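> Attaching a single structure in structure tokens format; questions to follow.
Throughout, read-outs are computed from the coordinates displayed, never taken from laboratory work. Model, not experiment: these values are computed from the prediction. Note that we place each Cβ from the backbone using ideal geometry, even for glycine, and neighbour counts take in every protein chain shown.
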Amino acid sequence: MVRTEIHRTDQPVYTISVAAELLGVHPRTLRIYEEEGLIQPRRTKTHIRLYSQDDIVRLQEIMKLMDQWSLNLSGVHALFEAAHRLEIEIDQMIREMLGD
């Protein structure tokens with residue numbers, strides 16, 4: 001029998017130093033993104049930050065918006081908030097159309 005393991009991308013596995021190394025940034029950068037509310041890593045009982053693969057992807061998106069689109073942290077935050085509101089509105093419109 002072949003055993004396959006399911007890898008959950010939302011499972012927190014990377015410490016801040018490992019996440020920073022994967023992204024090529026200083027750990028302080030990740031702390032700043034957290035302070036700005038752009039990312040919320042999970043915490044262990046001893047308050048160590050743990051990042052998931054989903055967090056890494058989101059951080060890559062943040063960095064791309066800042067590097068390629070020249071957005072600052074406030075711009076990234078505003079864009080993410082607008083996208084979230086739009087997603088909620090679309091979900092609501094779909095539910096209304098389906099009669100839920």
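> Work out, step by step, the length gained on full extension between E81 and E96: first 0.36 nm times the residue separation, then minus their alpha carbon distance; give nm to one decimal. Mind dumping the intermediate values first?
Details: separation 15, 0.36 × 15 = 5.40 nm, distance 2.27 nm.
Result: 3.1 nm gained on full extension.
> Would you give the gap between the C-alpha center of the range 54-82 and the C-alpha center of the range 24-42, rounded to a whole Å?
After rounding, the separation between the Cα centres reads 12 Å.
> Same structure again: For the pair S70 and V25, how long in nm is the line joining their label points, each one 7 Å along Cα→Cβ?
The two pseudo-label positions are separated by 2.0 nm.
> Taking just the alpha carbons, could you work out the radius of gyration and Dmax for the chain, both in angstroms?
Looking at the chain, its Cα Rg and Dmax stand at 16.9, 52 Å.
> Show that you can apply the helix-only estimate: for the chain, add -39,500 (n - 2.57) for every DSSP H stretch of four or more residues, divide by all residues, and state [θ] at 222 nm to the nearest 500. All intermediate terms of the calculation are to be shown ahead of the outcome.
Values: 4 runs with 59 residues, N = 100.
So the calculated ellipticity at 222 nm is -19000 deg cm²/dmol.
> Points 7 angstrom from Cα along the Cβ direction at V57 and K45: gap in nanometres?
Output for this residue pair reads 3.1 nm.
> Near R43, within a Cβ-to-Cβ distance under 11 Å, what is the net charge of the other residues, with Lys and Arg +1 and Asp and Glu -1?
Working: positive: R42, K45, R49; negative: E34.
Local net charge: +2.
> Right, next: Mind checking the range 10-49 for trypsin sites (Lys or Arg not before Pro) that DSSP puts in a loop (not H, G, I, E or B) and that have at most 15 other Cβ atoms within 10 Å?
Sites meeting the loop and neighbour criteria: K45.
> Next question, about the same structure. Note down the magnitude of the dipole of the range 1-89 about its Cα centre, charges +1 on Lys and Arg C-beta and -1 on Asp and Glu C-beta and zero elsewhere, to the nearest 20 debye. If you can, show how the numbers build up before the last one.
Numbers: 11 positive and 13 negative charges, 86 e Å.
It comes to approximately 420 debye.
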